[in-house]
1. Sort the following peptides by mean Cβ neighbour count (other Cβ atoms within 10 Å, averaged over residues), highest first: 23-36, 42-55.
2. Scan around GLU48 for amide H atoms under 5 Å from its own, H built in the peptide plane at 1.01 Å from N, and keep only partners 5 or more places away or cross-chain.
3. Kindly write out, for region 32-37 in residue order, the coupling ³J(HN,Hα) from the Karplus curve 6.51 cos²θ - 1.76 cosθ + 1.60 (θ = phi - 60°), rounded to whole Hz, with x marking Gly and Pro.
4. For region 19-58, report the accessible area per residue in Å² (1.4 Å probe, heavy atoms, rounded to an integer).
5. Return the Rg/Rh value of region 1-46, two decimal places, where both radii are evaluated on C-alpha atoms and Rh is the Kirkwood radius.
Amino acid sequence: AVSATLQVFDVSNPSSIPASLGSVGTNGSPRSVYVQGRYAYVTSDTAETLQVFDVSNPSVIPAAIGSVGTGTD
């Protein structure tokens, strides 16, 4: 089963085990994620949405910036 969350990990040190920095709920079942700069873009098939999260501050759980429907109805 797919968890409806975006999880953020610190992978800055290749010799260390990745450390969880936090997670945030997403709409529906996440299909894919793309990270560019300080933002993570998450698409969902079941909710037909594109969500944008600010992941720039590792000490704060990722903040949802916005969401837009992608359905054709």
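The values are calculated or read from the model by the stated rules, or taken from the named source; none is laboratory data. For clarity, every value in this text was computed on a predicted model and none was experimentally measured. Cβ sites come from the backbone with ideal geometry, for glycine too, and all protein chains shown count toward neighbours. In case anyone asks, the SASA skips ligands and DNA or RNA and just uses the protein heavy atoms, side chains included. Shrake-Rupley method; radii C 1.70, N 1.55, O 1.52, S 1.80 Å.
1. Descending packing order for the listed peptides: 42-55, 23-36.
2. none
3. Whole-Hz 3J(HN,Hα) from phi for region 32-37: 7, 9, 9, 10, 9, x.
4. 57
5. Numbers: Rg = 12.0 Å, Rh = 11.8 Å.
Ratio of gyration radius to Kirkwood radius: 1.02.
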